[in-house]
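Derivation of every value follows stated rules applied to the coordinates shown; laboratory data play no part. Model, not experiment: these values are computed from the prediction. As a convention, Cβ positions derive from the backbone with ideal geometry for all residues, glycine included, and neighbour counts pool all protein chains shown.
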Amino acid sequence: MADEIRAEMVANVWKVVVAAGDTVSDGDTLVILESMKMEIPVLAESDGTVTELAVAEGDVVQEGDLIAVIG
């Protein structure tokens with residue numbers, strides 16, 4: 001089953017660490033968000049392959065927006 005990773009707050013996408021097709025493990029950093037001068041890592045919640053990456057560096061995400069899908 002695919003695991004959807006969603007934004008927990010309004011933030012800027014500061015750095016994208018993975019690409020679609022990359023294999024990740026539970027706890028790996030997918031992207032780093034920036035909000036109020038703080039860097040917030042977004043972590044994989046399961047082992048798998050990044051099947052979709054829905055953000056790019058410089059994007060602004062809203063709470064609930066899709067960041068990535070791990071299959």
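Under the combined filter of DSSP loop state and at most 12 neighbouring Cβ atoms within 10 Å, the range 38-71 retains these GluC sites (Glu not before Pro): GLU57, GLU63.
Within the shell of other residues whose beta carbon sits under 13 angstrom from the beta carbon of ALA56, the net charge comes to -3, with Lys and Arg scored +1 and Asp and Glu -1. For the chain, the mean projected area of the C-alpha convex hull, equal to one quarter of the hull surface, is 3.9 nm². Taking a Cβ cut-off of under 11 Å around GLU45, the surrounding Lys, Arg, Asp and Glu residues balance to a net charge of -4, with basic ones at +1 and acidic ones at -1.
Among residues other than VAL13 whose Cβ falls under 12 Å from its Cβ, what is the net charge (Lys/Arg +1, Asp/Glu -1)? Spelling it out: positives minus negatives among the neighbours equals -4. Arranged from fewest to most other beta-carbon atoms within 10 Å of their beta carbon, MET9, MET1 become MET1, MET9. Computed on the chain, with alpha-carbon pairs under 8 angstrom and 6+ residues apart, the relative contact order is 44 percent.
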